[in-house]
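Participant: Got a structure for you, questions after.
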Amino acid sequence: GAVVSQHPSWVICKSGTSVKIECRSLDFQATTMFWYRQFPKQSLMLMATSNEGSKATYEQGVEKDKFLINHASLTLSTLTVTSAHPEDSSFYICSARLGAVGYTFGSGTRLTVV
Amino acid sequence: QKEVEQDPGPLSVPEGAIVSLNCTYSNSAFQYFMWYRQYSRKGPELLMYTYSSGNKEDGRFTAQVDKSSKYISLFIRDSQPSDSATYLCAMSADGNNRLAFGKGNQVVVIP
């Protein structure tokens, strides 16, 4: 089946540094990739929608300068958390649409900023 | 009012019992309804996908959609310890639109 590979699965970084998360669609082309954030015992909150070759669309309240999204090819989208702070610690998940049968998700990245 | 309401539980059931989960929603434009299973520290995986109203069955899983009541359900028959996970409902208006998620329902199946 269609797989989205997300890396890294976990990362610990110092406050003020930047972290890049990658999502690759392994056996299909992902024209659109969605980036979510999930806090413990909470639902997935959509952060932004990225389309290959164009600028991402951010949800209200999400800082586009802090969460940089690049979707340079049909198989790769990246999320860079810039100047990370402890409040950015969360579980980040990417997702790609699978035609008429829903969406497939990456395995998630647990970010801890210390 | 949130777009999608889902009681987060948790829900504990003995092995072999029927698990019943549900979500309500407020946006009448929603046409696509999904249930995802999420294990701890993992991404969600699609369980069931339903378009518009009706029932859909896949093995031990049954999804029901009642658009008139804005209510969707997921039933798990003969529950197994491996079914222990968080179940999220999700829905969208036109399939190309963003997904709106419920909070998720943590289910524990006790052997």
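Bear in mind these aren't lab numbers, they're just calculated from the coordinates by the rules spelled out. Not measured: the values here are computed from a predicted model. Cβ placement follows ideal geometry from the backbone for every residue including glycine, while neighbour counts extend to all protein chains displayed.
Participant: Can you tell me the equivalent ellipsoid semi-axes for chain A? Use √(5λ) from the Cα gyration tensor, largest first, whole Å.
Facilitator: Values for chain A, descending: 22, 15, 13 Å.
Participant: Using a 10 Å cut-off around each Cβ of peptide A:40-50, what is the average number of partner chain Cβ atoms that fall inside?
Facilitator: For this peptide, the per-residue mean of nearby foreign Cβ atoms is 4.
Participant: I need to check one value: relative contact order of chain B, counting alpha carbon pairs closer than 8 Å and at least 6 residues apart, in percent. All intermediate terms of the calculation are to be shown ahead of the outcome.
Facilitator: Values: 278 pairs, mean separation 41.7, N = 111.
With pairs under 8 Å counted, the relative contact order is 38 percent.
Participant: Next question, about the same structure. Please list the non-local residues whose amide H lies under 5 Å from the amide H of B:LEU11, H modeled 1.01 Å from N, same-chain partners needing a gap of 5 or more.
Facilitator: Those lying under 5 Å, H to H, from B:LEU11 are B:GLN106, B:VAL107, B:VAL108.
Participant: A follow-up question, please. Relative to the Cα centre, what is the charge dipole magnitude of region B:2-111, using +1 at the beta carbon of each Lys and Arg, -1 at the beta carbon of each Asp and Glu, and rounding to the nearest 20 debye?
Facilitator: Numbers: 11 positive and 11 negative charges, 49 e Å.
That gives region B:2-111 a dipole magnitude of about 240 debye.
Participant: A further question follows. Given a Förster distance of 22 Å, report the FRET efficiency between A:SER18 and A:GLN60 from their Cβ-Cβ distance, rounded to the nearest 0.05.
Facilitator: 0.40
Participant: Give me the percent relative contact order of region A:1-83, please, defined on Cα pairs under 8 angstrom at least 6 residues apart.
Facilitator: Numbers: 154 pairs, mean separation 26.0, N = 83.
It rounds to 31 percent for region A:1-83.
Participant: Which are the unpartnered cysteines of chain A, meaning those with no other cysteine Cβ under 4.7 Å from their Cβ?
Facilitator: Cysteines lacking a close Cβ partner in chain A: A:CYS13.
Participant: To continue, here is another question. How many angstrom lie between the Cα centre of region A:49-114 and the Cα centre of region B:62-111?
Facilitator: Each part's Cα centre sits 24 Å from the other's.
Participant: Between A:SER9 and residues 5 or more places away or on another chain, which pairs have amide H atoms under 5 Å apart, with H built 1.01 Å from N, and which residues are they?
Facilitator: Under 5 Å from the amide H of A:SER9 lies no amide H from a residue far enough along the sequence or on another chain.
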